[in-house]
Amino acid sequence: SQQTRTQRGALIVVEGLDRAGKSSQCEMLQTYLKEQGHSVKYIRFPDRTTPIGKLIDSYLRGSANQEDHAIHLLFSANRWEIAKSIEEDINSGITVIVDRYSYSGAVYSAAKANPTLSLDISAEEAAKRGGYGAERYENETMQTRVRELFRTLFERQKDVYVVDAGKTLTEVSKDIQNAVLNCLACLDTIGSLRKLG
Ligand code: Z5A
Ligand code: MG
């Protein structure tokens, strides 16, 4: 039940291709979990509001260039500047929904039962959605390659739920809710087992 919920919040990572619907689904999941009585925060990466985020934003929009290694490290630094507060939130029982993260940069990989949701969609389907094409990575060659790499990366991970993001907003949202509820139940069980010693 809500009252006996474990002291630690969950870190829910949502990954996937451009326009797969990650941000829409994160918003919907946040609303849903709040209605269920959970304390929830939603953050997205890149966080374009910080000084590092502003550099990333101008790179993505094409108004500034960055050397490939440098932009990679800027994305990583953008996560590190917020990592501490994520850790504090989780430790104080808040469930944090993270819109894009990086496996390599994940501070929490040692912690148990952190679900990653991968929103899978074909490059052609994604291209039909609003706003596509404005930024430098939003082209079919790049997106098709990224999809392949996500698939290879997630293939053997047991804690990754691959969601078909080509369905309607409501259908995708239901699939996500089921996956998250399973995971929260799992966290409760782990919490109870810990209490039992
Ligand atoms: N990037 C990187 O290179 N390295 C890193 O470490 C990180 C990121 C963290 C910008 O990211 C770029 O940064 C991204 C990866 C790179 N480039 N690429 N490719 P971003 O997160 O800021 O990207 P964005 O420009 O905000 O797009 P997005 O986040 O990928 O979109 P989304 O969140 O998945 O989709 P959405 O905003 O929820 O929905 C898009 C549209 O589709 C919108 O009009 C919705 O109403 C519609 N939509 C959503 N779901 C549906 C369904 N189910 N049916 C129909 N229509 C739908
Ligand atoms: Mg988004």
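The values are calculated or read from the model by the stated rules, or taken from the named source; none is laboratory data. The structure displayed is predicted, hence computed values, not measured ones. Because the Cβ atoms are built from the backbone with ideal geometry, glycine has one as well, and the counts that use them run over all protein chains shown.
Being acidic (Asp, Glu) and exposed (fewer than 12 other Cβ atoms within 10 Å of the Cβ) is the filter here, so list the residues in region 143-194 that pass it. Don't jump to the end; show me each part of the working.
Residues of region 143-194 that are acidic (Asp, Glu), as a first pass: 148, 155, 159, 164, 171, 175, 188.
Passing the criteria: Glu148, Glu155.
Can you give me the number of residues within region 9-45 that are of a type in the set (Val, Ile, Thr) and more than 12 Å from ligand 1 (Cβ to nearest atom)?
3
Residue-by-condition table, conditions (1) farther than 25 Å from Val180 by Cα; (2) among the polar types (S, T, N, Q); (3) more than 10 Å from ligand 1 (Cβ to nearest atom):
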residue: Ser122; (1), (2), (3): no, yes, yes
residue: Arg129; (1), (2), (3): yes, no, no
residue: Glu135; (1), (2), (3): yes, no, no
residue: Glu138; (1), (2), (3): yes, no, no
residue: Thr144; (1), (2), (3): yes, yes, yes
residue: Arg151; (1), (2), (3): no, no, yes
residue: Glu155; (1), (2), (3): no, no, yes
residue: Asp159; (1), (2), (3): no, no, yes
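Yes or no: Val180 under 13 Å from Asp120 (Cα atoms) and touching a residue at least 40 places away in the same chain (Cβ under 8 Å)? Let's see the steps before the verdict.
Working: under 13 Å from Asp120 (Cα atoms): no; touching a residue at least 40 places away in the same chain (Cβ under 8 Å): yes.
No; evaluated as a whole, the condition is false for this residue.
Just a yes or no: is a residue in region 61-72 within 16 Å of ligand 2 (Cβ to nearest atom) and crowded, with 16+ Cβ neighbours inside 10 Å? Full working, then the answer.
Initially, region 61-72 is screened for residues within 16 Å of ligand 2 (Cβ to nearest atom), giving 61.
Of the ones still in play, those that are also crowded, with 16+ Cβ neighbours inside 10 Å are none.
For region 61-72, residues within 16 Å of ligand 2 (Cβ to nearest atom) and crowded, with 16+ Cβ neighbours inside 10 Å: absent.
Ser85 fails exactly one of the following numbered conditions: (1) among the small types (Gly, Ala, Ser); (2) surrounded by 14 or more Cβ atoms within 10 Å (Cβ to Cβ); (3) farther than 23 Å from Ala134 by Cβ. What is the number of that condition?
(2)
Does at least one position in region 37-52 carry a residue that is polar (S, T, N, Q), exposed (fewer than 13 other Cβ atoms within 10 Å of the Cβ), more than 20 Å from Thr116 (Cβ to Cβ) and within 16 Å of ligand 2 (Cβ to nearest atom)?
Among the residues of region 37-52, at least one is polar (S, T, N, Q), exposed (fewer than 13 other Cβ atoms within 10 Å of the Cβ), more than 20 Å from Thr116 (Cβ to Cβ) and within 16 Å of ligand 2 (Cβ to nearest atom), which makes the answer yes.
Consider Gly93 carefully, then state whether it is modelled with pLDDT of 90 or more and not in a helix (DSSP H, G or I).
Yes.
Just one of (1) under 28 Å from Asp188 (Cα atoms); (2) without any contact (Cβ under 8 Å) to a residue 60 or more places away in the chain; (3) within 9 Å of ligand 1 (Cβ to nearest atom) trips up Arg48, so point out which.
(1)
What are the residue pairs meeting all of these: first residue in region 160-173, first residue farther than 19 Å from Ala127 by Cβ, second residue near ligand 1 (Cβ under 7 Å from one of its atoms) and not hydrophobic (A, V, I, L, M, F, W, C), Cβ atoms under 7 Å, and 6 or more apart or on different chains?
Ser173/Gln25
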